[in-house]
Amino acid sequence: MVTLVLDLTGVTSLDEFHDRVAEALKLPDHYGRNLDAFWDCLTELVGRTTVRVVGLLGLDGALRTQVDRYLKLLVDQEAESRGEFSVSLSKVDDD
């Protein structure tokens, strides 16, 4: 099982979020930085993968609302993956 850590600590914009996502999940250069492209890349992750998301407490307002849409896709992928993909959304920033 491969564990990828998506650390959102200090993220202040959606562009910065996409930078962190692309790096942490090792997304291809053609990642389109939108919901559809994110979903396509998630479904292309092969092998047993866990994505651990940390740093959520620092996100607020409109940014948190936007990020939550991407987090929902992570959860949706977990539900569809038949045990090949899991997601852990940390409730605290320091673990």
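The values are calculated or read from the model by the stated rules, or taken from the named source; none is laboratory data. On a predicted model such as this, the values are computed, not experimentally measured, just so you know. We place every Cβ from the backbone using ideal geometry, glycine too, and count neighbours over all the protein chains shown. Please note that ligands, DNA and RNA were not included when accessible areas were found on the heavy atoms of the full protein model with its side chains. Shrake-Rupley method; radii C 1.70, N 1.55, O 1.52, S 1.80 Å.
Just a few scattered comments:
- Percent RCO, i.e. relative contact order, over region 1-44, from Cα pairs under 8 Å lying at least 6 residues apart: 29 percent
- Percentage relative contact order, region 2-95, counting C-alpha pairs under 8 Å, at least six apart: 36 percent
- For Thr50, the residues whose modelled amide H falls within less than 5 Å of its own, excluding neighbours fewer than 5 places apart on the same chain, are Val2, Thr3, Leu4, Ser86.
- Estimated inter-spin distance, Leu35 and Arg64, nm [label 7 Å along Cα→Cβ]: 2.0 nm
- Fully extended contour minus Cα-Cα distance, from Arg52 to Leu4, at 0.36 nm per residue: 16.7 nm
- Converting the Cα gyration tensor eigenvalues of region 19-95 into ellipsoid dimensions via √(5λ) gives semi-axes, longest first, of 20, 16, 12 Å.
- Residues whose amide H falls under 5 Å from that of Leu89, counting only those 5 or more places apart or on a different chain, are Val53, with hydrogens built in the peptide plane.
- Against the criterion of solvent-accessible heavy-atom surface with a 1.4 angstrom probe, Asp36, Asp19 sort, most first, into Asp36, Asp19.
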